Each structure stands twice: as C-alpha cells, then as structure tokens.
1. Among the residues of the stretch 450-469, what is the count of those that are assigned to a helix (DSSP H, G or I), modelled with pLDDT of 90 or more and under 26 Å from the mean Cα position of the chain (by Cα)?
2. Just to check your reading of the model, which residue among 132, 138 is in a loop (DSSP other than H, G, I, E, B), in contact with a Leu (Cβ under 6 Å, 6 or more places away or on another chain) and within 18 Å of residue 44 (Cβ to Cβ)?
3. Which is free of Cβ contacts under 8 Å to residues at least 40 places away in the same chain, in the same structural domain as residue 159 (by TED's automatic domain parsing), buried (at least 17 other Cβ atoms within 10 Å of the Cβ) and in a helix (DSSP H, G or I), of 345, 396, 317?
4. Can you pull out every residue in the stretch 367-413 that is over 29 Å from residue 216 (Cα atoms) and of a type outside the set (A, V, I, L, M, F, W, C)?
5. Would you confirm whether or not the stretch 299-306 contains a residue that is in contact with a helix residue (DSSP H, G or I) (Cβ under 6 Å, 6 or more places away or on another chain), closer than 16 Å to residue 286 by Cβ and either outside any helix (DSSP H, G or I) or assigned by TED's automatic domain parsing to the domain that holds residue 287 (or both)?
6. Could you check the stretch 409-422 and list, in sequence order, the residues that are over 24 Å from residue 176 (Cβ atoms) and buried (at least 20 other Cβ atoms within 10 Å of the Cβ)?
7. Identify the residue in the stretch 470-516 that is aromatic (Phe, Trp, Tyr) and over 21 Å from residue 68 (Cβ atoms) and, among all such residues, is nearest to the chain's Cα centre (by Cα).
8. Can you find even one residue in the stretch 567-574 that is within 16 Å of residue 57 (Cβ to Cβ), without any contact (Cβ under 8 Å) to a residue 24 or more places away in the chain and assigned to a loop (DSSP other than H, G, I, E, B)?
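The values are calculated or read from the model by the stated rules, or taken from the named source; none is laboratory data. As the structure is a prediction and not an experimental result, all values here were calculated from the model. As a convention, Cβ positions derive from the backbone with ideal geometry for all residues, glycine included, and neighbour counts pool all protein chains shown.
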Amino acid sequence: MTDLAASILNRGQPSQIRNQERLMRGKVNPILAWSARIYGIGGALIFFLSGVVYLFLGRWSATHQDFWVFYDTWLHRSWLSSSILKYNGHSCFFPCQIWLGNLRWFHGSQDSLFVIGLMLELAATTVLLFPVWKDRSVDSITRIAATVAIVFGNFWMGRASMTASGAFNCAYSLVLLGAALAFLGLPAIANEKARILPVSLAMVCAAVLASFSFGTGLAVWGALLLTGFCLKIRLRRLAIIAGAAVLSVVVFLALPPHTAATSFGRDLPLSQPATYLTLFTYFCRLLGSPWLYIFANWSGNSDVPGGFYEGVAMVFGVLGFLFVIIVSGYKVCRRNLRLGLEVSGFALMIFNFVAFGLVTLARAGHIAQIPSELNAPRYLYWSALFWTGLLLVLLGLSENRPRLSWAAIWTVMSLPLLAFPSHLKEARRWHYVRLLSQTAATSLVNGVCDKTEIRILSPFPELVYRISKEMKARRLDMFAPDYAEWIGHPAAALFSAGPASVRLSGQSRMRALESASPAVRIDGRAIMRARRTPDVLVILDSNGTLRGIARSSATPDWLNHYLYGRIFQARSFVGYIAPYERGQSYVMRSVEHGALSAEAIAVPLVAKPKAERP
C-alpha cells in the first residue's frame, strides 16, 4: 500500500521528482545543471535570431534559377495545367498554389514569397518542438538540448541555398511541415482507445501535403510506417497509411512531366556489384555533407571544401548510416519506441534517411558526370535535418544513463559554437548574392544585356532576356515599380514636385559593357541626409531626359559592422545607361517622395577605347 500511495503521489509532480532522481543518480552539481540550461537557451536563442536576421538580409531580390524555366510555363498555361506538372521530377502542386497566387496578386514579389516561406519554416519548427516540450519523461536540460538540435537543423545558414529563396523555401518547408504534422498523429493511433478514423485522415492529409510539395516528401510514408511499427501500432491501422501511400505513389507517377523525364534509376547497371558500392558512397557523402562545411570553415577555407573534408563527410555519413541501421533494427525487433522525444527524432531521422535514398537513386547518373554535385549546398537542407533527428534519438536513448546522457547533451549543445563559423560565412555569402542579384535585376530594368552579370540569376542568359520581356509587359517582380517606364521621358513630365534639397553628394565611375547596344555601367558612392544612400537614383542627360536607373547596393554601417565584420561597401550604388551616347554629359539625382534632389552627382565620360594593334 505504501508503494501504491507513493506512486499515486508521484504522478502529480513527475518532472520535479524525476529531475531530483536524475541529479541524485548522476551526482550532478546543481550549478553545472543551471549552467547547462542557461548555455543551451542562450545558444539556441542566438542561433535562431541570427539565422532569421541573416536570412532576411541574404534573401533573393529577383527571380532566380529554376523559376525562369517555371515562368516560361506559368505565363503560357492555365493555373491547373501548371500545377499538376512535375518539374525536374518533383510534384510541386501545393507550392504552385503559392507561386501562382504570388504572380497573380503580388506581381511576383520575391519579398512576399520570402515572408510566406519563413512563416512556413517557423510553423514547421514549432510543430517539431511541440512533442519535445510536451514530453515530461525527460528533464528540462534534455528538452533544451533537443531545442538546440532543432534550431540548428532549421536555421543554420548552411541551408540558405534553399531557405534564402522564398520560392524554394515555400516548397521545402511545406514538405517539412506536412511530415511533422503527420508524425504528431502517431502517438494518437498508437492508443487503442483513440478514434482511428479522424486521426488517420488528418495524418494522410498531412502526408499528402508533404508528398506533393516536393519529390523528397514521398519519404514521409516510409517514415510513418516504420515508426508506427516500432510503436506497436496494430497492423490494420498501419494498413490505412500503407494504402494511402500506394495511392499517392500511383498518382505521383501518373502526373505529366514538365519536360522529358529521366528514368528513375533505370540507367544504373544494377547487375554489377560495384554499382552498389558507388551508390553507398554517394549516399554516405550526402548524409555527412553538413560536417564537411562545418569543419572546413574552421580552417578558413574560402572555396567549396574538398580533399580531406570530403573524407570527413564520408566518415560521418558512414557513422550516421550505421547508427540508423543499428537503432532501427533494434527498435523493429523490440518494438519499444518511446513516445515523445524518441518518436519525434526517430521519425525525422528515418524520413531524411529514406529521402536521401530516393535522391541517391535519382541523381546517381548526374553525380557520376559531375562529382562536385555531392557537395551541392541544396542537399544540406535535408542532411541537416537528418542529423537533427539522429541527435534527438541519441538524447532519447541516453536519458536513463546519466553519464551517456550528459555526453549526448553537451555534444548537442556544442553545435551552435561548432557551426557558427560556417553560419557566419554563409551569411556573408548570401548577402553578397543578394547584392549581385539586385544589380542583375537593375540591369534588366535598364534593358541592358550583360551576360556576365545576369548569370547570378540563371546559367541561361538568353532565357532570362526572353522571359524578362514578358515580365516587363505584365509588370512582374523587378518590373512591378514603374522605373523601366521612366526611361526615355523628360524628368519634368515624371516628377511634378520641384527639386528638393536632400544634401546629396558622392562620386561615380563608369565602364563600357560588351552588349548588343552601346551600354555602360555606373557605380560609386552616394550619401544624403541622415548618412544613408538613396534607394533610387535617376541618370539624366543634358536635356533633362531620363536615360537610366541606379539602385542602392549599400549595406548600412551598423549592420556591416556588427553582423558582417565590415566586409561590404557602405553608401554604394549601381546603375546603367543603354544606349549610351559618347560625348553626352550625364548627371545623377536621387528620387525621394516623388521629387528629384536639387543636388546632382556628375557622371564621368567613358574613355575612348584604345585602337587595336594591327
């Protein structure tokens, strides 16, 4: 009776008693425990806030990469036919609703896509954190460590090739959000008394969201089935998920491709044993790729790491592979997966493990032709999440072993410090990419064909110039403001208000461009009241006719100093004139609140090209 009474009393305050038991069992100094809590909370908070700020400052400012190809379809097809296509082998039905809606109602604004993508990323992170903090079977230090792992997996700037792009982030975060929501239903259907139909329907809807947001989302079905089996969910309940999985795959395969699709693994010589070793090598390299970037940045490498660090990626990939095989094999045999932290980590780990199996089979031919594809930053989105899931599982498995538990906790809590050099380097790189993409967009607004500059937006300049004409006619993206329509008109007809003094000063330089028509690029420094660079400057000829637009490419002093170590230029701008008339004099004036500045910046003449030697 005494034991029964004690157990009943313990149910009212499980967390306090379990924490005390762990402290006594592990003989942990309370000061050390509180230090771990403060360090973990501080590290997670700093990493989260810096990740959000760096993403905002490094977001794409113009249409980029695959979306020029997508626009070529979306601008000429109906909404439905654009949505059901598979792009590069990926069904993007649900992100297409966001992308097409943005084109129709927000003029293709990249900022609106960034906000939506960031909101989806925050929602997915919250859903991943929910079962961790709901799990009272683990102490607060373990939950804080799990939070650090989840924050690292979602806001490390190594993933910025996808997350700094609002358009890509919409697709990827929809996959993660759908998968995380589906995983939330597993404990419910594991309960024998739960109503199976509503929960199963909700799980299937969430898994469908993941499956038809991006190709890797199909891995959610494998993660649900394996995790559900390890939770001792009855097979007839799992049969509902299995049936939905088969139906989803059938629908996925039936969707028409955007272009001629490459065969999924059919070209691989599977009859040769060496093929499986090659696939295993690719798989492990992709799994371990985050550690390649993390460790390489401690050495100060400025280029894409290779050599020794590729071996580091391989070693970590093999260790991750063995961990998954051993843990999943053990859990399948015992079927003793614990609810809460362990389930969340296991499902996330298996989801990304299966996803990389699909990626390896689909991209093996491409990797064989271009081995550097194994280091492609776009895969870091999923591989970082794989290690997040693995670390959550490690925290869950070590919970009842004090020494192992503290080793796992401090390993996880070291992530922010260990990853910060790569976090900062990628933040700098993506801010630079933003500035370059804004310059390329300015060249398009001015009608300049600078193929060197435009490659930041796409490796296919001719496609960009062709689609940009249609975008200009529809006032999309960089053409949404009417700057392009100003060119060729007298300034007096464009700005009704008289010139106003803004204390504009600065200097400019000009260089000729190799393009179809005579064109020049103008860059320099400008400053006005409040020590800031004007957002928009206009370039006027001696007759007062507007001949070009310049945009700010400056990084504010305080951001440059505190966030980037003063590596970017302050008060800089870039503009273009096309066509350029040699001998004509030009000046630049800022535009503020519909009025030109009274002050002007002189534009130097372009020097005559030297005569070529015979």
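1. At the first step, the residues of the stretch 450-469 found to be assigned to a helix (DSSP H, G or I) are 451-454, 461-469.
Remaining after also requiring modelled with pLDDT of 90 or more: 454, 461-469.
Applying the additional criterion that residues be under 26 Å from the mean Cα position of the chain (by Cα) yields 454, 461, 463-464, 467-468.
Residues meeting the conditions: 6.
2. Numbers: 132 fails: in a loop (DSSP other than H, G, I, E, B).
Result of the check over 132, 138: 138.
3. Working: 345 fails: free of Cβ contacts under 8 Å to residues at least 40 places away in the same chain; 396 fails: free of Cβ contacts under 8 Å to residues at least 40 places away in the same chain.
It is 317.
4. 398, 399, 400, 401, 402, 403, 405, listed by residue number.
5. Just the residues of the stretch 299-306 that are in contact with a helix residue (DSSP H, G or I) (Cβ under 6 Å, 6 or more places away or on another chain), to begin with: 304-305.
Retained after the next criterion (residues that are closer than 16 Å to residue 286 by Cβ): 304-305.
With either outside any helix (DSSP H, G or I) or assigned by TED's automatic domain parsing to the domain that holds residue 287 (or both) added as a condition, the list becomes 304-305.
Yes, that holds for at least one residue.
6. Selection gives 409 alone.
7. This residue is 486.
8. As a first pass, look at the stretch 567-574 and keep what is within 16 Å of residue 57 (Cβ to Cβ): 567-570, 572.
Next, from what is left, pick out any that are without any contact (Cβ under 8 Å) to a residue 24 or more places away in the chain: none.
No, the stretch 567-574 has no match at all.
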